[in-house]
Amino acid sequence: MSKIHVTTTVNGDSVEFLADPRETLLDCLRDHLDLTGTKEGCGTGDCGACSVTLDGTLVCSCLVLGIEAEGREIGTIEGLAQGHELHPLQRKFIEHAALQCGFCTPGFLVAAKALLDKNPNPTETEVRYWLAGNLCRCTGYDKIVRAVMDAAEEMRKEAV
Amino acid sequence: MRYHAAKTFEEAASIAAKADGVTRFLAGGTDVLVQLRAGLVTPDDLIDLKHIDGVQDITRLDDGGWEIGVAVAGARLGAHEALCADWPGVVEGMELVGSTQVQGRATLTGNLCNGSPAADGVPGLVAAGAVAKIVGPDGMREIPIEEIPAGPGKTTLAKGELIAAVRLPARGAGGGDAYQRFIPRTEMDIAVAGCAINLRVEGDTITEARVAIGAVAPTIRLVPEAAELLVGSTLDAATADALAAAVSAAANPITDKRGTSEFRTEVVGVLARRVAQTAYDRAKGDRS
Amino acid sequence: MAKDEFREFRLVGTRPDRPDGLDKVTGRARYGADISAPGMLWGAVVRSPHAHARIVKIDTSKAEALSGVKAVVTRADFPTGLTGDEWDLQENTMAGDKALYDGHAVAAVAATSKLRAEEAARLIEVEYEVLPHVIDVDDAIKPDAPVIREGAADATVPEGMPPNVVRYFEHGRGDLDAGFAEADLVRENTYRTEATHQGYIEPHACLGQLGEDGKGEMWVCTQGHWFIRKMCADVLGLEKSQLRVTPSEIGGGFGGKTTIFMEPLSLALSRKAGGRPVKIVMSRSEVLRATGPTASASMDVKIGMKKDGTLTAGRAEFRMQGGAFWGAPVDMALDCAFAAYKLPAVMHIGYDVLANRPKAAAYRAPGSPMAACAVESLIDEMCRELGLDPMEVRLKNAVREGDRSSYGPKFKSIGLVETLEATKAHPNFSAPLGPNQGRGIASGFWFNHGGETSVTIALSEDGTVTVSAGTPDIGGSRASIALMTAETLGIPYENVRVNIVETGALGVNEPTHGSRATFATGKAAVEAANAAIKEMCRRAAVEWGIDPEAVEWVDGAAQPAGPNAGKFPPMSIAEIAGNMGSTGGPISGHHEGNLGGVGASFGCHVVDVEVDPETGRTTILRYLVVQDAGRAIHPAYVEGQYQGGAAQGIGWALNEGYVYGEDGRLQNSVFLDYRVPVASDLPMIDTVIVEVPNPGHPFGVRGVGETGITPPLPAIANAIHAATGARLRHLPMNPPSVLAAIKAVKGG
Ligand SMILES: Cc1cc2nc3c(=O)[nH]c(=O)nc-3n(C[C@H](O)[C@H](O)[C@H](O)COP(=O)(O)OP(=O)(O)OC[C@H]3O[C@@H](n4cnc5c(N)ncnc54)[C@H](O)[C@@H]3O)c2cc1C
Ligand code: FES
Ligand code: FES
């Protein structure tokens, strides 16, 4: 099966790779672009570990073909911090011990950022439902939800 | 697998018509990629519809109805205020599909054409009396949504045919619709039973009604005998009970890993009662 | 929280950022599937679609002919003549004569890309002769059940037992008949729990390399790389020291990553492919079908109770299947069953039964949740019948220090009573409830474990310290180890770096099982730090020309112990380190041993539920975990363990469970249908850390990881009973079964 040349933008950088049409965007990020921060927990859209943004929309990269990335803008966990400056969510996740094994963390961070971009003041219920497609088996979600709420609060204060 | 980025529906139809292996259209891909990954279906030809003009549009038609493009993702339906105001039941069904991430991709048409009896977006469309605009080798036709599902994983679309848009009728005065499903968790499950009801009231009295049920038969289907019970009533307790009984009687579910036949039969009736109340309240002007 | 005689701590009990936090929030941390190597191949595994089948023929020719395929292995590529556990591991890695469960590996291939390897796997043709299968434990124990393996029973199984019984347990003490005779109420019921999976989000992944010379390397996500090394070497007939195993970061394990599955396959493929490294990453459905879930259980429990709540006797008869191999945790389940209660007479009977399912692995407090489900449910039922308060009955019968445990030894210092009292005092325990709502409580227990541990601490030239530890950091253990080390050395937390090192760097370390990482690795780190302190004091003594015994270590510096020792200003760790090259060379401390002194941990959970009477759906409204930690080194990660355990228990209680079809195939091998709790299913999980220090640990640590999964199963059953009047004795308590139970109560 011949491969297709794909040009796309990842975290602001223009990149190119050759993809088999059957490969998912997740495969391409991890295996062709060495961006292994995006994780595969299921490959079937159920766990959210592979969360990325595609033209600003939160998606599961395991449910997007690599070749569909042509000409699009992709955001991954590797692009969350601004240089040396962690995103408030990243800091709050550490501070609240919102990660145990940390495998789900990249997906939660990307998904939570998409939430706060859209809704800077979510309720606990809104956080829980927005993140329902991100499975965490270690934490029982408590500290994750607290970290997201706390990051949102800090970001709201900074915005004023 | 050959990937085609079709530029028109006609091109997509013609690729599909000529293909001799397994063909799939690619809308949001949330079913296609899962099936690919699981090794269930590896299409020989995969025809991406997202490069066709207009497929991302939600358009108000001259008659007050709506046309929804085949690549409109669930989250965009939910963000469309006017559509939500007219057809909250249709939108809430689609919005139940998957997670936030899945909502960023999954489409109503994909939900319909995947042919799952448990598709959450479809009962609302059926209850609303929506139609599908179909393009095929023989040109264009329109058929009611309920005529498309043909059994688990199957549709009545012929080889080379595809859906070019879904059309919702004008809402009109005194209308309200709603959809609910039952799942064991709060999110991320496939419906164990689902029910959509669309009705119209004059004063307190229901004058028109359509009732559709999902996940309790090989296809999503209308239950006219249940709708008839509603018409002429004010949704009093006796009517609601009769509705629940009629809907349960119409159910013909299987027992599988997601629920027993007995449970599904009972719960779809419970849902019908709850959904009717919401649709009724909406019709009477309570938009919540 | 109980005050104790321990000194005040500078660092222990604080909540600093974890040392690996930055790596883990930026995506830099490397997990099992994240490592690649030059020349790497991808592996794929062919798995049986049948629950039980004779393998007639495997034709690999088409796969081998495919371009890019570099190796194909079947059981024929493995050494023969293994026995006992080693044979079991080999058989589970790759089927021999028979496929024993749906998903059992029968062949594997390595090729130049993942897709190519998958294609090749599909080209391998396996001819099966399908055999009758058995899935359910109560079916498997029948005398005429399909026989999974002749002669698999061990010496514990008496003559004449059904063929699939492979281990039998029978032990107890006291006069059971007299105990039941003395009781005012004797009840006996049967309880069943389904098999569940640990459900770690990271699928198993490894990168293995093995040369013709028998020297190999592996990079793998595991809870214990020495176990991986030993097991792989056993299965492949290698010398253990020739295999070097490096653990990756690990994306959860909960016991499930303490053993091997496809790891030996990557080595076998690599050896056949001329030593090229082979990466194998499982899919989620491979994880669910073919790794080690927990056992399913069918349990009879009989208890005698007096009118005042005093327990007089208990009898437990448990049947568990742990797949097609011995190893269902029946023994541990029995030992946990009555552990929270003072009982004059107790009897335990257990059967470990084979069935056509994957080989069970450990899952958080193996056996204890099932046992609690049965015993804690029955106690609740009996309290209702006698009109007694279930909390008071638990307090009345609670074991205390010095009591003989139900399973034999006397308890040392334990905190059950303190835990129950703290539960009673929590506001959740008396929060008002509405219609269709109910409250349940239950206790839980786990032994905890010490085990083989080896830790080295090395001083760097600037006075900072590296700890070489052998237990992968599965939930913040680097932070706890750094805290204990820094506390002991009297240096800042930030000056300690904890490395999880490969198998060549230390003696054998057991995996992170038995809640042992903070207990055992921490204890060894403290001892290693003490050894380093001794050497640092000696260096200072030499410098000062005084007796080493006259030097003490205070606040990160050596100083003369009292005025008679001499007058010298304290010599800091940085000074000692800076000069160590000239005062005798490198300074390190080491400690190893088979560590004892473990302290058992008790917990008590309180759950409020609301049940929809029309659909049977249960919503968790409030959840409280109270547990004795001994000492919380990093309280945030202790709370995290409590919350995570509770969430897994909630899943087990309500919606998780392996579902098999008539054909013996697993029906729910994806997360859409294997229903672990999602964020919107749960409320905040309140926690209270009780601290009754364990005298067997320098800081009082007990393990905290496992006990928390034990009480949720019965606590939720008890709460559903309170909300609906219906008692569920079969897990999961999913909506169809709850609705059916409600209707049965209403109907009569
Ligand atoms: C994690 C997860 C959770 C999910 N949860 C739910 C749920 O709760 N409820 C639910 O109903 N579904 C659920 N689904 C299934 C799926 O998301 C929906 O069915 C979705 O609406 C499919 O839309 P799509 O655009 O992604 O379809 P695609 O995958 O692109 O296509 C689906 C099918 O429709 C065909 N098709 C697509 N467009 C056309 C067209 N224009 N004309 C003809 N045929 C077409 C394709 O050939 C294919 O067979 C879930 C999926 C995942 C991965
Ligand atoms: S890996 Fe994509 S959702 Fe799990
Ligand atoms: S921290 Fe382990 S899965 Fe979330």
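State all residues of the range B:4-17 that are more than 29 Å from B:Glu95 (Cβ to Cβ) and without any contact (Cβ under 8 Å) to a residue 60 or more places away in the chain; if no residue qualifies, say none. Before you say what the answer is, go through the steps one by one.
Filtering the range B:4-17 for residues more than 29 Å from B:Glu95 (Cβ to Cβ) gives B:4, B:7-8, B:10-11, B:13-17.
Those that are more than 29 Å from B:Glu95 (Cβ to Cβ) and without any contact (Cβ under 8 Å) to a residue 60 or more places away in the chain: B:His4, B:Lys7, B:Thr8, B:Glu11, B:Ile15.
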Q. Among the residues of the range B:37-56, which ones are aliphatic (A, V, I, L, M), closer than 16 Å to B:Asn114 by Cα, touching a Lys or Arg at 6+ places or on another chain (Cβ under 8 Å) and at pLDDT 95 or above?
A. B:Leu46, B:Ile47
Q: Answer yes if at least one residue in the range B:229-252 is part of a loop (DSSP other than H, G, I, E, B), closer than 16 Å to B:Gly89 by Cβ, touching a Lys or Arg at 6+ places or on another chain (Cβ under 7 Å) and away from chain A (no Cβ under 14 Å), and no otherwise.
A: no
Q) If you check B:Gly214, B:Gly269, B:Gly194, which single one turns out to be touching a Pro at 6+ places or on another chain (Cβ under 7 Å), on the phi < 0 side of the Ramachandran plot, within 14 Å of another protein chain (Cβ to nearest Cβ) and of a type in the set (Gly, Ala, Ser)? A) B:Gly194
(Q) Only one of B:Ala170, B:Ala164, B:Ala106, B:Ala193 is in contact with a Gly (Cβ under 8 Å, 6 or more places away or on another chain), modelled with pLDDT of 95 or more and more than 28 Å from B:Ala226 (Cα to Cα). Can you tell me which? (A) B:Ala106
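From the list A:Thr44, A:Thr8, A:Thr36, A:Thr24, exactly one residue is crowded, with 17+ Cβ neighbours inside 10 Å and under 14 Å from B:Ser99 (Cα atoms). Which is it?
Working: A:Thr8 fails: under 14 Å from B:Ser99 (Cα atoms); A:Thr36 fails: under 14 Å from B:Ser99 (Cα atoms); A:Thr24 fails: under 14 Å from B:Ser99 (Cα atoms).
Just a single option satisfies the conditions, and that option is A:Thr44.
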**Q.** Evaluation of B:Ile68 against (1) under 23 Å from B:Ile145 (Cβ atoms); (2) within 14 Å of chain A (Cβ to nearest Cβ) (one fails), failing number
**A.** (2)
Q. Somewhere in the range A:89-101, is a residue within 16 Å of ligand 1 (Cβ to nearest atom) and outside the structural domain of A:Asp31 (by TED's automatic domain parsing)?
A. no
Q. Which one of these does B:Arg171 not meet: (1) basic (Lys, Arg); (2) away from ligand 1 (no atom under 11 Å from the Cβ); (3) under 30 Å from C:Trp652 (Cα atoms)?
A. (3)
Q: Of the numbered conditions (1) within 8 Å of another protein chain (Cβ to nearest Cβ); (2) within 16 Å of ligand 2 (Cβ to nearest atom); (3) surrounded by 24 or more Cβ atoms within 10 Å (Cβ to Cβ); (4) assigned to a helix (DSSP H, G or I), A:Phe108 fails exactly one; give the number of that condition.
A: (1)
Q) Looking at A:Val59, is it more than 8 Å from chain C (Cβ to nearest Cβ), within 11 Å of ligand 2 (Cβ to nearest atom) and either more than 30 Å from A:Asp150 (Cβ to Cβ) or assigned to a strand (DSSP E or B) (or both)? A) yes
Q) Checking C:Thr583 against (1) outside the structural domain of C:Ala726 (by TED's automatic domain parsing); (2) within 30 Å of C:Trp446 (Cβ to Cβ), which single condition isn't satisfied? A) (2)
Q: Quickly run through the range A:1-18 and pick out the residues that are aliphatic (A, V, I, L, M) and away from chain C (no Cβ under 11 Å).
A: A:Ile4, A:Val6, A:Val10, A:Val15, A:Leu18
Q | Identity of the residue in the range A:40-56, within 16 Å of ligand 3 (Cβ to nearest atom) and touching a strand residue (DSSP E or B) at 6+ places or on another chain (Cβ under 7 Å), that ends up farthest from the other protein chains (Cβ to nearest Cβ) | A | A:Cys50
**Q.** Qualifying residues in the range B:146-157 (those that are out of contact with any strand residue (DSSP E or B) (no Cβ under 6 Å at 6 or more places or on another chain) and without any contact (Cβ under 8 Å) to a residue 40 or more places away in the chain) - the one nearest to ligand 2 (Cβ to nearest atom)
**A.** B:Gly153
(Q) So for the range C:68-79 (the condition being free of Cβ contacts under 8 Å to residues at least 60 places away in the same chain, within 14 Å of chain A (Cβ to nearest Cβ) and either more than 30 Å from A:Lys113 (Cβ to Cβ) or over 31 Å from the mean Cα position of the chain (by Cα) (or both)), does at least one residue qualify? (A) yes
Q | Pair list, Cβ under 6 Å, 6 or more apart: the range C:673-697 residue free of Cβ contacts under 8 Å to residues at least 60 places away in the same chain, other residue of a type in the set (Ser, Thr, Tyr) and not in a loop (DSSP other than H, G, I, E, B) | A | C:Ser680/A:Tyr129
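So, A:Leu135, is that one under 27 Å from C:Gly256 (Cβ atoms) and within 14 Å of ligand 3 (Cβ to nearest atom) or not?
Numbers: under 27 Å from C:Gly256 (Cβ atoms): yes; within 14 Å of ligand 3 (Cβ to nearest atom): yes.
Judged against the criteria, A:Leu135 is a match.
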Q) So, in the range C:306-360, of the ones that are of a type in the set (Ser, Thr, Tyr) and within 26 Å of the chain's Cα centre (by Cα), which residue ends up nearest to C:Gly657 (Cα to Cα)? A) C:Tyr351
Q: Those residues that are buried (at least 22 other Cβ atoms within 10 Å of the Cβ), among the hydrophobic types (A, V, I, L, M, F, W, C) and more than 8 Å from every other protein chain (Cβ to nearest Cβ), I need them from the range C:651-688; list them, please.
A: C:Trp652, C:Ala653, C:Leu666
Q. For C:Arg727, which of the numbered conditions (1) touching a residue at least 12 places away in the same chain (Cβ under 8 Å); (2) surrounded by fewer than 24 Cβ atoms within 10 Å (Cβ to Cβ); (3) within 9 Å of chain A (Cβ to nearest Cβ) fails to hold?
A. (3)
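When you scan the range A:18-52, how many residues do you find that are part of a strand (DSSP E or B) and away from ligand 2 (no atom under 14 Å from the Cβ)? I'd like the intermediate steps shown before the answer.
Of the residues in the range A:18-52, the ones part of a strand (DSSP E or B) are A:18-19, A:24, A:51-52.
Keeping just the survivors that are away from ligand 2 (no atom under 14 Å from the Cβ) gives A:18-19.
Residues meeting the conditions: 2.
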Q | Single condition B:Ser99 does not satisfy, out of (1) away from ligand 3 (no atom under 16 Å from the Cβ); (2) of a type outside the set (Asp, Glu); (3) surrounded by 23 or more Cβ atoms within 10 Å (Cβ to Cβ) | A | (1)
Q: Output the qualifying pairs, or none if there are none: Cβ atoms under 6 angstrom, residues six or more apart or on different chains, first residue in the range A:19-36 and within 8 Å of chain C (Cβ to nearest Cβ), second residue within 16 Å of ligand 3 (Cβ to nearest atom).
A: A:Thr36/C:Asp34
Q: Kindly list, by first and then second residue, each pair from a residue in the range B:63-88 that is without any contact (Cβ under 8 Å) to a residue 12 or more places away in the chain to a residue that is outside any helix (DSSP H, G or I) and surrounded by fewer than 20 Cβ atoms within 10 Å (Cβ to Cβ), limited to pairs with Cβ atoms under 6 Å and residues at least 6 apart or on different chains.
A: none
Q: Could you tell me which numbered condition A:Met155 fails, if it satisfies all but one of (1) under 25 Å from C:Arg28 (Cβ atoms); (2) within 16 Å of ligand 3 (Cβ to nearest atom); (3) hydrophobic (A, V, I, L, M, F, W, C)?
A: (2)
Q. For residues in the range B:112-124 being within 21 Å of B:Ala158 (Cα to Cα) and either without any contact (Cβ under 8 Å) to a residue 60 or more places away in the chain or small (Gly, Ala, Ser) (or both), which is nearest to ligand 1 (Cβ to nearest atom)?
A. B:Ala119
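The values are calculated or read from the model by the stated rules, or taken from the named source; none is laboratory data. All values reported here derive from a predicted model rather than from experimental measurement. Cβ sites come from the backbone with ideal geometry, for glycine too, and all protein chains shown count toward neighbours.
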